[in-house]
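Comments concern the structure below.
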Amino acid sequence: MKLKAMYSFLSKDLAAVEQELERTVQSEYGPLGEAALHLLQAGGKRIRPVFVLLAARFGHYDLERIKHVAVALELIHMASLVHDDVIDDADLRRGRPTIKAKWSNRFAMYTGDYLFARSLERMAELDDPRAHQVLAKTIVEVCRGEIEQIKDKYWFEQPLRTYLRRIRRKTALLIAASCQLGALAAGAPESVAKRLYWFGHYVGMSFQITDDILDFTGTEEQLGKPAGSDLLQGNITLPVLYALRDERLKAAITAVSLETNADEMAAVISAIKRTDAIDQSYALSDRYLEKALRLLGELPANKARTLLHDLALYIGKRDY
């Protein structure tokens, strides 16, 4: 089933969130708004707003209040993408030129900062100190994850726990916060918000592991960037860590650098795919999904819970 068809009953509310996103990224300084809009119009799954809206269904659902949270979380995600592209010197994002490629590195960095500021501005619409604390802590952890990714580039000997800690900060915590803040903004019980937070955390871990797998198994058309880009940029992901356990591949994998040409990279990708690294990575992703679904079973039964279940399964099994 297509992702959008899965939560079609939210389509009207998601359209309202999309309109708010467009309105929010506009700037009196034309080029800044143009750059932010360029990224927004490149599309995306809008996973974080979906989690906010579904989590809010466990409380008093008021779109006029909830949309501020949905917009804020997506803006943080967008800001992190802009900064990521500068760090990775990436020219493509979702098949379109990145902000840093179309404008410049400096312009992109300030665009990312602008999106962070707009995010805080939208959350200020909520008079709830807890929500502000959660958002602030999440931004801090996302930044820590980005710094760790820079520090860990081409560190082929890193332990598995380093990778897991990094993706927790870079990806899982933002999805966890989306679930938690959606529930808090809707006045859901604290116990429900806590379970939704951990549900989002485990789903987020699975989401990033699957993304890292797709970097090797997806096509450039599906990914919007060349396959193997993570490894080429020195980002050591789970399939690579598992493949490095094969002594015959160590030399080829650890020789990868920005100077590696397309044919050499294709050979490394093929070699990794011939190992059981992809299967092992899916197995770990599945374990996180199982934890998420167990927590979900403890929440009140409603349509949102059913959708969260289906969404979690989709995230762990998607092929693009």
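The values are calculated or read from the model by the stated rules, or taken from the named source; none is laboratory data. Everything numeric in this text was worked out from a predicted model, so none of it was measured. Note: ideal-geometry Cβ built from the backbone for every residue, glycine included; neighbour counts use all protein chains shown. Only protein heavy atoms, including side chains, enter the accessible area calculation; ligands, DNA and RNA are left aside. Shrake-Rupley method; radii C 1.70, N 1.55, O 1.52, S 1.80 Å.
Quick look at the values:
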{"read-out": "Apportionment of accessible area to carbon and sulfur, region 7-54, percent (1.4 Å)", "value": "49"}
{"read-out": "Gyration tensor (alpha-carbon) shape descriptor, region 21-77, a/c threshold 1.5", "value": "prolate"}
{"read-out": "Reach of Lys170 by Cα under 15 Å, taken over aspartates and glutamates that are not fewer than 8 positions away in the same chain", "value": "Glu74, Asp84, Asp85, Asp88, Glu141, Glu146, Glu148, Asp152, Asp211, Asp212, Asp230"}
{"read-out": "With all protein chains modelled, accessible area of Lys102 [1.4 Å, Å²]", "value": "110"}
{"read-out": "Cα gyration tensor, the chain - rounded (a/c under 1.5), prolate or oblate", "value": "oblate"}
{"read-out": "The chain, relative contact order [Cα under 8 Å, separation at least 6], %", "value": "19"}
{"read-out": "Carbon + sulfur, % of accessible area of region 70-220 - ligands and nucleic acids excluded, 1.4 Å", "value": "54"}
{"read-out": "Accessible surface, per residue, of the chain when the full set of protein chains is kept, probe 1.4 Å, Å²", "value": "45"}
{"read-out": "Net dipole in debye of the chain [+1 Lys, Arg Cβ; -1 Asp, Glu Cβ; about Cα centre; nearest 20]", "value": "800"}
{"read-out": "Under 13 Å, Cβ to Cβ, from Leu289 - net charge with Lys/Arg +1 and Asp/Glu -1", "value": "+2"}
{"read-out": "Kyte-Doolittle mean at least -1.0, axial Cα span of 30 Å or more - DSSP H helices of the chain", "value": "63-87, 129-151, 190-217"}
{"read-out": "Between region 246-296 and region 101-116, the alpha-carbon center distance in angstrom", "value": "31"}
{"read-out": "Dipole magnitude (debye, nearest 20) for region 1-101, charges at Cβ of Lys, Arg, Asp, Glu", "value": "520"}
{"read-out": "Within a Gaussian network of the chain (alpha carbon springs, distance under 10 Å), most fluctuating of Val134, Val82, Val25", "value": "Val134"}
{"read-out": "Nearest-20 debye value, region 82-134 charge dipole, Cβ charges on Lys, Arg, Asp, Glu", "value": "260"}
{"read-out": "Ellipticity estimate at 222 nm from DSSP helix runs (n ≥ 4, -39,500 (n - 2.57)) divided over the chain, nearest 500", "value": "-22500 deg cm²/dmol"}
{"read-out": "Other-chain or far-sequence residues with amide H under 5 Å of Arg96's (modelled H)", "value": "none"}
{"read-out": "Choice from Ala283, Ala35, Ala172 showing the highest fluctuation, given a GNM over the chain with Cα pairs closer than 10 Å", "value": "Ala283"}
{"read-out": "Most positive-pole-ward Cα, Ala227, His309, Leu295, against dipole of region 210-320 from beta carbon charges", "value": "Leu295"}
{"read-out": "Loop-resident sites, region 16-86, for GluC sites (Glu not before Pro), counting at most 14 other Cβ within 10 Å (DSSP)", "value": "Glu28"}
{"read-out": "Max mean-square fluctuation residue, GNM over the chain, Cα-Cα springs under 10 Å, options Asp89, Asp286, Asp212", "value": "Asp89"}
{"read-out": "Cα shape, region 184-320, gyration tensor, a/c 1.5 rule", "value": "prolate"}
